[in-house]
Amino acid sequence: MNRRMFLAASAAVATASRPILGANDRINMAVVGVRSRGRSHMNAYATLPNSRVAAVCDIDQAVAERAVPFAENIQGAKPKTYLDLRRLLDDKEIDAISIATCNHWHALATIWACQAGKDVYCEKPSSHNIFEGRKQVDAARKYKRIVQVGTQSRSMPHKMRAIELLHSGVIGKLYMAKGLCYKRRLSIGHEEASAVPPGVDFDKWLGPAEMRPFFKNRFHYNWHWFWDTGNGDIGNQGIHEMDIARWGLGKTDHPLSVDSTGGKYVYQDDQQTANTQSARFDYGDSQIIFEVRGLPTGSESGLEQVQGPNYIGNIFFGSGGYLIVDDNDFQIFLGDKREPGESMKHSGKSDEPDTKAHMANFQKAMKSRAVADQRADILEGHMSAAMVHMANTSYRLGRRLKFDGKTETYGNDVQANGYISRNYRAPYIVPENV
């Protein structure tokens, strides 16, 4: 551990015991990564009771500067601006950070924040690989921090009711959950390396990833489709449905094995990750099947279109029927005749109310200091994100993998274990000992 990390860790021990936020105390939030999803974070925190966006942080100076009037227009006060996360974490006025960066920064930002005595809201997937996810859990527990993951489906009333019914046995003994991520994705085309845009700190943007030339096609949003920075659509939109599938089946352990196949079909472009992918997770007494399709496709089992030509949701199968749930509603069908059972519509008009409700739950836990008050604690986020990483490892190796849930490795499979972590670029190293 270097001197800066040691001092941060020492400060965290002291701040972990600071006075608990009172019911009328204002929570000072800092949003890290404020381009698109980060703006949803700002809008939610700026409109929650006793909450404000006290700071914004981004490696792109123009993006950070545009975020200031955006937040000020909502809350009537300007947030501070930071271009370096480490300087932000030195700010004693900040109670928590909200991470909306690229996936490859999620774990390190979380760990640094915990060491600095800050609580954390981290977008999904919580990690870029399995090792990072476990280190996030370790850091949250060691420094007694509240760390919530942005799987906001866990704060959507109709989905909460659907899961409650599944756990009560409404469709009998569950034997399978199927998650669908049929989200239309257009080709990203091809671009050559170019100069880094003015005001962008590309070294900090790369962070833990290896150094490489700047490619516009690897930058804003399209970073999802490259292995260094993203996890494909199974780790982008798909992680939401993956988390719901595991939640609904009530699985708190890792699967015994995974088998994932697919490819990047039709397009000839720069994308590395699959645009068509299937994965099967074996739990012994049940299984989760997951499918990603970025190309034109139809629906399954009555799932309705959401967000344009997309079919995104989950189907749960039990001995007495099945349940379908998506962002619009849930519906139960019972027996061989598929007789309609209970149903419930989503009451919101967009994802904003769900984001806000999920962040309100996070801030409630910040005040109570009770991990149990969280709907999406970092451990839940890690367990679901690990499934994404397992599926991608199986896909990239082209074979079925057995998984040891106790060690969170692939046993003696040296080749597969090479994907558990990554070669980190100094000084952006996720430490073994947090």
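What follows draws every value from the coordinates through simple rules; no lab data is involved. Because the structure is predicted, anything quoted here is derived from the model rather than measured. Reconstructed Cβ throughout: ideal geometry from the backbone, glycine too, with neighbour counts over all protein chains shown.
Numbers at a glance
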read-out: Dipole magnitude of segment 60-126 about its Cα centre (Cβ charges: Lys, Arg +1; Asp, Glu -1), debye to nearest 20; value: 40 debye
read-out: Beta bridges by DSSP in the chain, antiparallel share as percent, to the nearest 5; value: 60 percent
read-out: Approximate spin-label separation Thr297-Leu397, in nm, with each point projected 7 Å along Cα-to-Cβ; value: 2.5 nm
read-out: Total formal charge among the other residues, if their Cβ is under 11 angstrom from that of Lys402, Lys/Arg +1 and Asp/Glu -1; value: -2
read-out: Extension reserve of the Leu186-Phe215 stretch, reckoned as 0.36 nm per residue once the Cα distance is removed; value: 8.6 nm
read-out: Residue among Ser368, Gln277, Thr101 farthest towards the positive dipole end of the chain, charges placed on Cβ; value: Ser368
read-out: Nearest-ten-degree value, helix 157-168 long axis tilted from longest Cα axis of the chain; value: 50 degrees
read-out: Rg in Å to one decimal, and Dmax rounded to a whole Å, for segment 133-238 via C-alpha atoms; value: 19.8, 59
read-out: Length released on extending from Ala370 to Val196, taking residue separation times 0.36 nm less the Cα-Cα span; value: 58.3 nm
read-out: Cα extents of the chain along the three principal axes, largest first (Å); value: 62, 51, 41
read-out: Unit Cα scatterers, Debye sum, segment 205-246: log10 I(q)/I(0) for q = 0.29 Å⁻¹; value: -0.99
read-out: Calculated P(r) of segment 298-434 - Cα pairs past 19 Å, %; value: 72 percent
read-out: Peptides 195-204, 257-266 ordered by average Cβ neighbours within 10 Å, highest first; value: 257-266, 195-204
read-out: Counted charge near Gly199, where neighbours are those whose Cβ lies closer than 14 Å (Asp, Glu -1; Lys, Arg +1); value: -3
read-out: Student exercise, segment 102-143 dipole from Lys, Arg, Asp, Glu Cβ charges, in Debye to nearest 20; value: 120 debye
read-out: Helix-only CD estimate at 222 nm, as mean residue ellipticity for the chain, using -39500 (n - 2.57) per DSSP H run (n ≥ 4); value: -9500 deg cm²/dmol
read-out: At q = 0.16, 0.29 Å⁻¹, base-10 log of I(q)/I(0) for segment 361-430 (Debye sum, equal scatterers on each alpha carbon); value: -0.73, -1.25
read-out: Kirkwood-type radius of segment 266-379, with distances r between different C-alpha atoms, in Å; value: 17.6 Å
read-out: Ala62-Arg425 FRET efficiency (beta carbon distance; Förster radius 22 Å; 0.05 resolution); value: 0.30
read-out: Overall dimensions of segment 284-325 as given by Cα atoms, namely Rg and Dmax in Å; value: 12.1, 37
read-out: Extension reserve of the Asp285-Lys78 stretch, reckoned as 0.36 nm per residue once the Cα distance is removed; value: 69.1 nm
